[in-house]
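Okay, structure first, notes after.
The values are calculated or read from the model by the stated rules, or taken from the named source; none is laboratory data. What you see is a predicted model; the values in this text were computed from it and never measured. Cβ sites come from the backbone with ideal geometry, for glycine too, and all protein chains shown count toward neighbours. Keep in mind that these areas ignore ligands, DNA and RNA; they rest on the heavy atoms of the full protein, side chains included. Shrake-Rupley method; radii C 1.70, N 1.55, O 1.52, S 1.80 Å.
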Amino acid sequence: MRVGILGSGLMGAKLGTIFARAGHDVVFSYARSTKKLEKLAQEAGARARAAMPGEAAEEADALLLAVHWSRVGDVLKQAGDLAGKVVLSCSLPMNDDDTGLVVAHTSSGAEELAKKIPKARVVSAFNTVPSEVLFGIYEARRRATRPSLVYCGNEARSKRVASELIRDAGFDPVDAGPLRIARYMEPFALLVAQLAYESDESPELAYRFERF
Ligand SMILES: NC(=O)c1ccc[n+]([C@@H]2O[C@H](COP(=O)([O-])OP(=O)(O)OC[C@H]3O[C@@H](n4cnc5c(N)ncnc54)[C@H](OP(=O)(O)O)[C@@H]3O)[C@@H](O)[C@H]2O)c1
């Protein structure tokens, strides 16, 4: 697939590199410097390149949205028309200092995102996994048991695309149902992240939850 990365920070850089190494054509976009994007693309191998968000979105089979919630409006504006595009989001609707959710209970970031790009096919995923653990999972992905990763969305075709990418990143994709399920998953994802970062055991705790 051709995968456009919208936001090439911790999540976008790692997942984009993993997708390129798994054989997808990856376009890294949206960082504060073009040099960084070019370096990322070079390190990710021949299947990766750097471009502006509009170009990353053009002809993409899937787009990974991996920016802070406060940057979503800006990156979507730069990406242009996303009608019909599969947009996988790992962006949690967090406040500016990342201490709490800004959307919860009656809606979710995933649903608000779907309203912002009504003709796109939004799938919410990845948001329970700290990026630090991603390469380890990817490298171990041929093991018999893989950690599971839940995702949700309203449309079967986009979910197939999402589940393939989740598998390529080393997880067993678990379909949690429609997009509104994100109302329950987002607070849970925040809780897991807080426990992972605040405990001495660091992100490993996230695995233990999965096994538990
Ligand atoms: N990190 C994790 O483990 C993790 C796990 C689960 C979910 N998430 C969620 O995923 C989303 C992304 O997280 P992240 O940790 O990858 O964030 P991040 O490292 O801050 O990456 C955000 C990207 O946006 C770019 N950016 C920010 N402001 C910009 C501007 N004014 N102009 C152009 N580019 C700009 C950054 O550029 P630079 O590269 O130049 O900084 C970076 O590439 C967040 O919503 C977070 O809640 C993260």
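Full extension of the segment from Thr145 to Asp96, taken as 0.36 nm per residue of separation minus the current Cα-Cα distance, would add 13.9 nm. Put simply, the amide H of Ser89, placed in the peptide plane, has neighbours under 5 Å in Leu65, Val123, Ser124, Ala125, leaving out anything fewer than 5 places away on its chain.
Annotation: amide H of Ala120 within the under-5 Å range of Gly84, sequence separation 5 or more or interchain, hydrogens built in the peptide plane. With all protein chains in place and a 1.4 Å probe, the accessible surface of the chain carries 50 percent carbon and sulfur.
Note that the chain shows a convex hull volume over its alpha carbon atoms of 116 Å³ per residue. Across the stretch 175-180, rounded Karplus estimates of 3J(HN,Hα) from the backbone phi angles (6.51 cos²θ - 1.76 cosθ + 1.60, θ = phi - 60°) give 6, 8, x, x, 4, 5 Hz, Gly and Pro being marked x. Cross-linked pairs Lys35/Lys116; Lys39/Lys119; Lys85/Lys116; Lys14/Lys35; Lys36/Lys85; Lys39/Lys159: Cα-Cα separations exceed 23 Å for Lys35/Lys116; Lys39/Lys119; Lys36/Lys85; Lys39/Lys159.
With the simple model of a label 7 Å out from the Cα in the direction of the Cβ, Val174 to Ala104 spans 2.2 nm.
The eigenvalues of the Cα gyration tensor, multiplied by 5 and square-rooted, give the stretch 45-132 an equivalent ellipsoid with semi-axes of 22, 16, 12 Å from largest to smallest. For Val174, nonlocal amide neighbours, meaning residues 5 or more places apart or on other chains whose placed amide H falls under 5 Å from its own, are Leu149, Val150, Tyr151.
Per residue, the accessible area of the stretch 5-84 comes to 47 Å², computed with a 1.4 Å probe over protein heavy atoms only.
Please work out whether the stretch 16-57 counts as rounded, prolate or oblate from its C-alpha gyration tensor, where a ≥ b ≥ c are the square roots of the eigenvalues and a/c under 1.5 means rounded, while otherwise a/b larger than b/c means prolate and anything else oblate? Oblate is the answer for the stretch 16-57, as a/c is 1.5 or above yet b/c matches or exceeds a/b. Using θ = phi - 60° in the Karplus curve 6.51 cos²θ - 1.76 cosθ + 1.60, the 3J(HN,Hα) couplings for the stretch 69-81 round to 3, 5, 9, 4, x, 5, 5, 5, 4, 5, 6, x, 6 Hz; x is entered for Gly and Pro. Modelled spin labels at Gln194 and Ala83, positioned 7 Å past Cα toward Cβ, are 4.2 nm from each other. Within the stretch 38-131, DSSP assigns beta bridges of which about 10% are antiparallel (rounded to the nearest 5).
Were the residues from Ser33 through Lys116 laid out at 0.36 nm apart, the gain over their Cα-Cα distance would be 27.3 nm. Across the stretch 126-177, Cα-Cα pairs farther apart than 18 Å form 28% of the total.
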